[in-house]
């Protein structure tokens, strides 16, 4: 395992993606809050036009502007299905598929490196890239939000929820493209699944979440095993200790299952 980790670490340091993705993460973290800032500026401008001086229009503009405060803006850019989350899942998928076409995986197997070690090493460095990029994205989004909207005024509890759920969700959404890459060996298919799956699940959750918020507690706790459902707690919904515990355990279990299945698939596959 030490040998493959050393080889992958060298490749990781030399890869352009190791530096491009974190840089893009910072850029997107800056741009998204700025987009909200521009939206508010546009709404204020429209509200000043004589043609829109009707009281009903003004009250609607004022209400919308009031909802876009620092806390709302920051929480709205955190879910994996938007922002840098999309770029991360796509790039992890690309990074995991490319060695098939270049023969890197094949050469490692010929060199006597166990396939499980190859898979685990790929997963580890993909996770490192994901977590570093996600941390930079979150930090840059937080700083930009504070500079444009003021202090998000998050409590210690809310910060804890954001950190724990972010770690779990990104853990799963790193395991998915790695698993898909080793399962299909198809770059287009891996990227499509890695991007579409989070967006689709987040869309479904967003659509049904208003009804679920009034559902019995046991229902919301059970649904918290789904990473996309956990995203609603990062957008301001109150997360109980049991929801946090279930979310963390389920994210670890999903990642473990995908990893085991990926290793089993890779062991049986022909890479010639």
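The values are calculated or read from the model by the stated rules, or taken from the named source; none is laboratory data. On a predicted model such as this, the values are computed, not experimentally measured, just so you know. Virtual Cβ from ideal backbone geometry, glycine too; neighbours counted across all protein chains shown.
Given the criterion closer than 24 Å to residue 159 by Cβ, more than 17 Å from the chain's Cα centre (by Cα) and surrounded by fewer than 19 Cβ atoms within 10 Å (Cβ to Cβ), identify the matching residue among 242, 269.
Only one candidate passes the filter, namely 242.
Scan (1) in contact with a helix residue (DSSP H, G or I) (Cβ under 6 Å, 6 or more places away or on another chain); (2) modelled with pLDDT under 80; (3) farther than 30 Å from residue 19 by Cα; (4) not in a helix (DSSP H, G or I) for the single condition residue 209 breaks and write down its number.
(4)
Give the residue, chosen from 118, 88, that is part of a helix (DSSP H, G or I), under 13 Å from the mean Cα position of the chain (by Cα) and buried (at least 22 other Cβ atoms within 10 Å of the Cβ).
88
Within the group 183, 165, 187, 127, which residue is buried (at least 18 other Cβ atoms within 10 Å of the Cβ) and touching a helix residue (DSSP H, G or I) at 6+ places or on another chain (Cβ under 7 Å)?
Details: 183 fails: buried (at least 18 other Cβ atoms within 10 Å of the Cβ); 187 fails: buried (at least 18 other Cβ atoms within 10 Å of the Cβ); 127 fails: buried (at least 18 other Cβ atoms within 10 Å of the Cβ).
Answer to the check: 165.
Would you say residue 113 is at pLDDT 80 or above, under 21 Å from the mean Cα position of the chain (by Cα) and surrounded by 16 or more Cβ atoms within 10 Å (Cβ to Cβ)?
no
Taking residue 79 and the conditions (1) part of a helix (DSSP H, G or I); (2) within 12 Å of the chain's Cα centre (by Cα); (3) touching a residue at least 40 places away in the same chain (Cβ under 8 Å), which numbered condition does it fall short on, given that it satisfies the others?
(1)
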